[in-house]
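Q: Just dropping this structure here.
The values are calculated or read from the model by the stated rules, or taken from the named source; none is laboratory data. On a predicted model such as this, the values are computed, not experimentally measured, just so you know. Glycine gets a Cβ as well: all are built from the backbone with ideal geometry, and neighbour counts include every protein chain shown. The accessibility values were calculated without ligands, DNA or RNA, using every heavy atom of the protein model including side chains. Shrake-Rupley method; radii C 1.70, N 1.55, O 1.52, S 1.80 Å.
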Amino acid sequence: MITLGTLFILLMGLATLQNWREKLESSTLLLWVLMLAFPYPYIANTLGWMTAELGRQPWLIYGLFHTRDGYSKVVSNGDAIFTLIGFTGLYFVLGLLFLALTGREIGKGPEDQATAVVAQREAVLV
């Protein structure tokens, strides 16, 4: 997770530098790397979650503690199911929102180059 985060920082720094130099659109290799880095946040999130959860049970490695002995007497089955349904619903809504916003941006299409240049010149003049 830390390695992927550092990679993101370096990659975005390079992309920002190329954007300031107005060469981002022409650097094909960087655009490919950015596109292929799309699943990395999901991978980093999953690896971070696994690290946190596996780190909570170091006693299992040494055989000092069994998972069956680690259940909570305070949390009922209903509470666990309610939490599971809640998080599943939350991630479902976030996924739909992501798809809707991404679809909306893709539907707009790329900005015309001439329009972008005119908008940039107007912004500088103002």
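Q: As a test of reading the structure, rank LYS108, LYS23, LYS73 by solvent-accessible area (1.4 Å probe, protein chains only), most first.
A: LYS73, LYS108, LYS23
Q: Before anything else, pin down the relative contact order of the stretch 1-98: Cα pairs under 8 Å, at least 6 apart, normalised by residue count, whole percent. Show your work: numbers first, answer last.
A: Working: 21 pairs, mean separation 22.8, N = 98.
Once divided by the residue count of the stretch 1-98, the mean separation gives 23 percent.
Q: Suppose all protein chains stay in the model; what accessible area per residue would a 1.4 Å probe give for the chain, in Å²?
A: On the way: 11160 Å² over 126 residues.
Result: 89 Å² per residue.
Q: In nm, to one decimal, how far is the modelled label at GLU22 from the one at ILE43, with both set 7 Å along Cα→Cβ?
A: Placing both labels 7 Å beyond Cα along the Cβ direction yields 3.5 nm.
Q: Could you sort ILE2, ILE81 by their accessible area in this structure, using a 1.4 Å probe and putting the largest first? Could the numbers behind the result be given before it?
A: On the way: ILE2 140, ILE81 100 Å².
Correct descending sequence by accessible area is ILE2, ILE81.
Q: Whole-Hz Karplus ³J(HN,Hα) for the stretch 41-48, in order, using 6.51 cos²θ - 1.76 cosθ + 1.60 and θ = phi - 60°, x for Gly and Pro?
A: Rounded to whole hertz, the list is x, 5, 5, 4, 4, 5, 5, x.
Q: Please arrange SER27, SER76 by accessible surface area, largest first, computed with a 1.4 Å probe and ligands excluded.
A: Details: SER27 25, SER76 55 Å².
Correct descending sequence by accessible area is SER76, SER27.
Q: Which value, in Å² rounded to 10, gives the accessible area of ILE9 with a 1.4 Å probe and all protein chains present?
A: In the full protein context, ILE9 sits at about 120 Å².
Q: State, to one decimal in nm², a quarter of the convex hull surface area for the C-alpha atoms of the chain, i.e. the direction-averaged projected area. Could you put the intermediate results ahead of the total?
A: Values: hull surface 52.0 nm².
So the mean shadow area of the Cα hull is 13.0 nm².
Q: Please give the solvent-accessible surface of THR83 in Å², to the nearest 10, using a probe radius of 1.4 Å with every protein chain present.
A: 70
Q: Carbon and sulfur atoms: what percent of the 1.4 Å accessible area of the chain do they account for? Walk me through the numbers before you get to the answer.
A: Details: 7830 of 11160 Å².
Exposed carbon and sulfur together represent 70 percent of the surface.
Q: Restricting to DSSP H runs of at least four residues, report the calculated mean residue ellipticity at 222 nm for the chain, -39500 (n - 2.57) per run over all residues, nearest 500 deg cm²/dmol.
A: -24500 deg cm²/dmol
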